[in-house]
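**Student:** Take this structure first; my questions come after.
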Amino acid sequence: MSTLKISDLHVDVVTDAGSKEILRGIDLELNTNETHAIMGPNGSGKSTLAYALAGHPRYEVTSGSVTLDGEDVLAMSVDERAKAGLFLAMQYPVEVPGVTVTNFLRTAKTAIDGEAPKLRTWTKELSESMKSLRMDPEFSSRNVNEGFSGGEKKRHEILQLQMLKPRFAVLDETDSGLDVDALRIVSEGVNKAKADTGLGVMLITHYTRILNYIKPDRVHVLVQGRVAESGGPELADRLEAEGYDRFLVGA
């Protein structure tokens, strides 16, 4: 079992107008083979948490720690974090003109593992993953996310997840912009990755609908940069019924 531990994490976002504190002391512990849902209203710090874990340069950790099996994640460069087993599925995946999906995935896998995967095994696995995600085989020869629909971009994020096999995945609002069918397919892809590898999942979302497909072990509510409440799956049901008003009164 591996553990991603976040202790008293404070993070500022750096803008042209200066720095602004977003996270004000986050404490979370995620083990492999667990799914934790991170929920909260707009502006609560959910995406800031995701980008800080990934090492985005605009997000400055001012205090606290993040460790993966005792190793200091914050001391690692972005590529070192990926090699250590961290993966971020972005809310708004970017286009990479001139780089095909096949070349992107194989190059990333080689960089993470330190050696190129065996071509025959890799090709078969890629084909099977694309089929399970209902992706047309032609997507493997298209440039990364170029001309992809929103749903296709999200499926490609999960394709990366399945092929790169990280220890921990941070899914930043992977459900945003998905219709019912695409939501089900993407969720099945996440569940398959977890079943195959024992992946630990940090699932960031506004809404509970994705939790009908990806069942959380724990639910954490972020409000104004802090964990306001943590609980089991029943907490998500309460949020669905009541919303976030009770956390915002007097905040």
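The values are calculated or read from the model by the stated rules, or taken from the named source; none is laboratory data. This is a predicted model, so every value here is computed, not measured. We place every Cβ from the backbone using ideal geometry, glycine too, and count neighbours over all the protein chains shown. Surface accessibility is based on the protein's heavy atoms, side chains included, excluding ligands, DNA and RNA. Shrake-Rupley method; radii C 1.70, N 1.55, O 1.52, S 1.80 Å.
**Student:** Using the Cα gyration tensor of the stretch 96-140, with a ≥ b ≥ c the square roots of its eigenvalues, what is the shape: rounded (a/c below 1.5), prolate (a/b larger than b/c) or oblate (neither)?
**Tutor:** oblate
**Student:** Something else about it: Find out how many positive minus negative residues lie around Leu9, taking Lys and Arg as positive, Asp and Glu as negative, among other residues whose Cβ is under 14 Å from that of Leu9.
**Tutor:** Its environment carries a net charge of -3.
**Student:** Gain in length, Ser77 to Arg184, computed as 0.36 nm per residue apart minus the alpha-carbon separation, to one decimal in nm?
**Tutor:** Extra length available between Ser77 and Arg184 comes to 35.1 nm.
**Student:** Once you keep just the Cα pairs under 8 angstrom separated by 6 or more residues, what percentage relative contact order results for the stretch 81-232?
**Tutor:** Computed over the stretch 81-232, the figure is 26 percent.
**Student:** Given only helices, namely DSSP H runs of n ≥ 4 each adding -39500 (n - 2.57), what is the per-residue ellipticity at 222 nm of the chain, to the nearest 500 deg cm²/dmol?
**Tutor:** After summing the helix terms and dividing by residue count, I get -11000 deg cm²/dmol.
**Student:** Which stretch or stretches of the stretch 8-50 have amide N atoms under 20 Å from the point lying 7 Å from Arg238's Cα along the Cα→Cβ direction?
**Tutor:** 27-29, 35-42, 44
**Student:** Label Leu248 and Lys118 with points 7 Å out from Cα along Cα→Cβ: what is the distance between them in nm?
**Tutor:** About 5.5 nm, to one decimal.
**Student:** Which pairs break 26 Å Cα to Cα here: Lys20/Lys194; Lys83/Lys118; Lys83/Lys194?
**Tutor:** Table pairs above 26 Å Cα-Cα are Lys20/Lys194.
**Student:** Right, something else. Report, largest value first, the span of the C-alpha coordinates of the stretch 141-251 along each principal axis, in whole Å.
**Tutor:** The Cα atoms of the stretch 141-251 stretch 53, 30, 25 Å along their principal axes.
**Student:** Then there is this: So what is the relative contact order of the stretch 152-251, in percent, for Cα pairs below 8 Å that sit 6 or more residues apart?
**Tutor:** The value is 24 percent.
**Student:** Hey, another quick one. Please get the size of the charge dipole for the chain, origin at its Cα centre, with Cβ charges of +1 on Lys and Arg and -1 on Asp and Glu, quoted in debye to the nearest 20.
**Tutor:** 600
**Student:** Quick one, could you list the DSSP H helices from the chain stretching 15 Å or more along their long axis (Cα atoms) with average Kyte-Doolittle hydropathy of -0.5 or above?
**Tutor:** Once both thresholds are applied, what remains is 101-113, 180-197.
**Student:** Can you run phi through the Karplus equation (6.51, -1.76, 1.60; θ = phi - 60°) for the stretch 57-69 and list ³J(HN,Hα) in whole Hz, with x for Gly and Pro?
**Tutor:** So the J values, rounded to whole Hz, are x, 7, 10, 9, 7, 9, 6, x, 9, 9, 10, 10, 6.
**Student:** If amide H atoms are built 1.01 Å from N in the plane of the peptide, which residues on other chains or at least 5 residues away come under 5 Å of the amide H of Val219?
**Tutor:** Excluding prolines and chain starts, which carry no amide H, the hits are Ala37, Gly231, Gly232.
**Student:** Compute the relative contact order of the stretch 193-251 as a whole-number percentage, counting only Cα pairs closer than 8 Å that sit 6 or more residues apart in sequence.
**Tutor:** The normalised contact order for the stretch 193-251 reaches 24 percent.
**Student:** Here's a follow-up. In terms of the Cα gyration tensor, with a ≥ b ≥ c the square roots of its eigenvalues, is the stretch 127-191 rounded because a/c is under 1.5, prolate because a/b exceeds b/c, or oblate?
**Tutor:** Verdict is rounded for the stretch 127-191.
**Student:** For Glu229 and Glu146, what does the FRET efficiency come to when R0 = 35 Å and r is the distance between their Cβ atoms, rounded to the nearest 0.05?
**Tutor:** That gives a FRET efficiency of 0.25.
**Student:** When the C-alpha atoms of the chain are aligned to their principal axes, what extent does each axis show, in angstrom, from largest down?
**Tutor:** 58, 39, 39
**Student:** So, one more: Near Met135, within a Cβ-to-Cβ distance under 12 Å, what is the net charge of the other residues, with Lys and Arg +1 and Asp and Glu -1?
**Tutor:** Local net charge: +1.
**Student:** Let me ask something additional. Round to a whole number: what % of the accessible area of the stretch 47-151 belongs to carbon and sulfur, probe 1.4 Å?
**Tutor:** Using a 1.4 Å probe with all protein chains present, the stretch 47-151 comes out at 53 percent carbon and sulfur.
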